[in-house]
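Enquirer: Below are the structure tokens for one structure; questions will follow.
Just so it is clear, none of the values below were taken in a lab; they were calculated from the coordinates. Here the structure is a predicted model, which is why all the values come from computation and not from measurement. Reconstructed Cβ throughout: ideal geometry from the backbone, glycine too, with neighbour counts over all protein chains shown.
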Amino acid sequence: MPKDKVSADAAKAAKTGKKAESTLKKTPYPELFTPIKIGNCEIKNRIVMAPMNTVMSLDNQGYVNEQILAYYAARAKGGTGLIITECVLGTKLASKFPYTSNLHLFNVTHVPGLEELVETIHAFGSKVFIQISIGFGRQGHSATHESPPAPSPIPYQTDPALLPKDFQKFISDNPQILDPRIPTMAHAEMPREMTREEIKSEINEYAHSCILVLMAGFDGIELHAPHGYLEHQFLSPRANKRTDEYGGSLENRMRFLMEIYNKVRETIGRSVPVGIRLSGDEHMPDGIHHDELKQVVRRVGEAGIDYVHMSDGSYEALKYFAPDEDNLHLVKEAAGFKSMLPSNVPVISVSLYDPANSSKAIRDGKIDMVSLGRQMLCDPDYANKVLAGKKYLKCARCNQCLMRTAAGLPVRCKLNKNLGREKYMPEYWRPTRPLGMNIIPPIPKLPPLV
């Protein structure tokens, strides 16, 4: 490289470093704006957009559209360090039993739209991981009333007492919402038990979909195992009554999850970070609890996981999944997970909207990053405003956003009039590329065929 080019690059790096240092001195929450590495991926700050089902794909054909592009662009432009996509269904079987409408990634026709999404998010300065799911299991829904595949034929049931307070009031005012003739997330079809052959086939297809993830250019992969989804169901004695090698002891119940992780690593190696999302506790009397989940975290840590993203509860215990306040028991559970992992494996904790709370948790070494869901729906500029010490639009936790998606409607927010119409706003259209830049994505390097 020419000497003058080296000097120019060094000067630019020094200037950028001084600017970042100056910004950190000015912000009231410097812990949130210190860069961090997840595997081989550097993130500019500790603020993460949590994955959320938005029902913006509308037709359940699984393809990205202009509204989805602009929705994510708004959060990237708002200064978010890492965006984790909504649940993307990674097998054909999983796609038959969606939330109501999800993005898909299990064949090459899904890649172009997701590559466009990656390019858009990168253009606005954020990194993006894909949350790719092997299925909803017994929480899945079928337009043709088929039985969803699950560990065991245990029906999904919603207990109104375990819903957030605004959900409870809505159901109290509208009891007809629990009528099984009305299609909502309150109920699902009776599931059927997956066969061993089906389990192996799904794991293989899911791992192959992770090659498609690399082709789309994502910066990382999040395995999806919280909230009563299929991996969680195998872990939980409440949902898993199997008597074969996938049921019974914790060792057997975590077999499905470990086989997924190991197959993904065998297929794509360490080309991008691979993390996992888990609930800190199922919070159901006969479910999987924090002590057992800590052992799961220890096992994935030993296997080489790159990060752990902690949430809580399940669709059957939604008040823990979507708490009514900054519930600091989540920090305690996150610290429990962190205690089981190597020091270089970050733990992301969810639902701390007050930056004072998340900054303190990072400062105290209990978490490494914070992920925000409903708060990001409410104010896409949260990160930039917190960095500048400005007032942000605080989520009311009214859960109208969740109630809409539970009824199969695209997400909206009573405080953010622009949620759902970002595609009409030019500031969220992807900027023009510089002329001459390389437009061929890097070809992923895979482990040798065996």
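Enquirer: Leu409 to Met190: FRET efficiency via 1/(1 + (r/R0)^6), r the Cβ-Cβ distance, R0 41 Å, to the nearest 0.05?
Expert: E(calc), rounded to 0.05, equals 0.95.
Enquirer: Less than 19 Å from a label point 7 Å out along the Cα-to-Cβ axis of Ile182: which backbone N atoms in the range 390-434 qualify, by residue?
Expert: Label zone hits: 399-412.
Enquirer: Going down the table (Lys394/Lys423; Lys165/Lys360; Lys96/Lys169), which pairs top 29 Å between alpha carbons?
Expert: Beyond 29 Å between Cα atoms: Lys96/Lys169.
Enquirer: Looking at the chain as a GNM with Cα springs under 10 Å, which of Lys26, Lys423, Lys385 has the largest mean-square fluctuation?
Expert: Most flexible of the set in this elastic network: Lys26.
Enquirer: Within the range 39-98, list the trypsin sites (Lys or Arg not before Pro) lying in a DSSP loop whose Cβ has at most 14 other Cβ atoms in a 10 Å radius.
Expert: Answer in residue order: no site qualifies.
Enquirer: Taking the inverse of the average 1/r across all pairs of different Cα atoms in the range 378-450, what Kirkwood radius in Å do you get?
Expert: Mean inverse Cα-Cα distance, inverted, gives 16.5 Å.
Enquirer: Please work out whether the range 76-201 counts as rounded, prolate or oblate from its C-alpha gyration tensor, where a ≥ b ≥ c are the square roots of the eigenvalues and a/c under 1.5 means rounded, while otherwise a/b larger than b/c means prolate and anything else oblate?
Expert: oblate
Enquirer: Of Lys332, Lys319, how do they rank once you tally other Cβ atoms within 10 Å and put the fewest first?
Expert: Lys332, Lys319
Enquirer: Pick out, in residue order, every one of the GluC sites (Glu not before Pro) in the range 258-355 that is DSSP loop and has at most 12 other C-beta atoms within 10 Å; say none if there are none.
Expert: Glu325
Enquirer: Can you tell me what share of the DSSP beta bridges in the chain is antiparallel? A percent to the nearest 5 is fine.
Expert: 15 percent
Enquirer: Could you calculate the contour length gain from Glu198 to Glu427, that is, 0.36 nm times the residue separation minus the distance between their Cα atoms, to one decimal place in nm?
Expert: 77.9 nm
Enquirer: Run the numbers on the chain and let me know its relative contact order in percent, using alpha-carbon pairs under 8 Å that are six or more apart.
Expert: 19 percent
Enquirer: Compare Ser152, Ser351, Ser271 in a GNM of the chain, Cα atoms joined below 10 Å, and give the one with the largest fluctuation.
Expert: Between Ser152, Ser351, Ser271, it is Ser271 that shows the largest mean-square fluctuation.
Enquirer: Between Asp326 and Ser142, what is the label-to-label distance in nm when each label sits 7 Å out along the Cα-to-Cβ direction?
Expert: 4.5 nm
Enquirer: Identify all aspartates and glutamates with a Cα-Cα distance to Lys366 below 18 Å; exclude those on the same chain that are fewer than 8 residues away in sequence.
Expert: Straight-distance partners of Lys366: Glu31, Asp281, Asp291, Asp306, Asp312, Asp326, Glu333, Asp354.
Enquirer: List the residues whose amide H sits under 5 Å from the amide H of Leu89, counting only those 5 or more places along or on another chain, with H placed 1.01 Å from N in the peptide plane.
Expert: For Leu89, the qualifying residues are Leu103, His104, Leu105, Ser133.
Enquirer: By how many nm would the segment from Gln61 to Asp354 grow when fully extended, if each residue of separation counts as 0.36 nm and the alpha-carbon distance is taken off?
Expert: Between Gln61 and Asp354, full extension yields 101.8 nm more.
Enquirer: Collect residues whose amide H, placed 1.01 Å from N in the peptide plane, falls under 5 Å from the amide H of Ala50; neighbours closer than 5 in sequence don't count.
Expert: Here Leu372, Gly373 satisfy the definition.
Enquirer: Now for a separate question. Taking the Cα centre of the chain as origin and charging only Cβ (+1 Lys, Arg; -1 Asp, Glu), how large is the dipole, in debye to the nearest 20?
Expert: With Lys and Arg at +1 and Asp and Glu at -1, about 1720 debye.
Enquirer: Any idea how far apart Leu24 and Lys391 come out in nm if each label point goes 7 Å out from Cα toward Cβ?
Expert: If labels sit at Leu24 and Lys391, their model points lie 3.0 nm apart.
Enquirer: Take the alpha carbon gyration tensor of the range 334-440, find the square roots of its eigenvalues, order them as a ≥ b ≥ c, and report rounded if a/c is under 1.5; if not, report prolate when a/b exceeds b/c, else oblate.
Expert: oblate
Enquirer: Could you put Met254, Met215, Met185 in order, starting from the residue whose Cβ has the fewest other Cβ atoms within 10 Å?
Expert: Met215, Met185, Met254
Enquirer: List the aspartates and glutamates whose Cα lies under 12 Å from the Cα of Lys414, skipping any in the same chain that are fewer than 8 positions away.
Expert: Reachable aspartates and glutamates: Asp379.
Enquirer: Using a simple spin-label model with points 7 Å from Cα along the Cα→Cβ vector, what separation in nm is obtained for His122 and Asp291?
Expert: 4.7 nm
Enquirer: Now for a separate question. Would you mind getting me the FRET efficiency between Leu449 and Asn174? Use the beta-carbon distance for r and R0 = 60 Å, nearest 0.05.
Expert: After rounding to 0.05, the efficiency reads 0.60.
Enquirer: Let me ask something else about it. Identify which of Thr184, Thr100, Thr144 has the largest mean-square fluctuation in a Gaussian network model of the chain, with springs joining Cα atoms closer than 10 Å.
Expert: Thr144
Enquirer: For a test of the definition: using alpha carbon positions, the gyration tensor, and the 1.5 limit on a/c, classify the range 195-336 as rounded, prolate or oblate.
Expert: oblate
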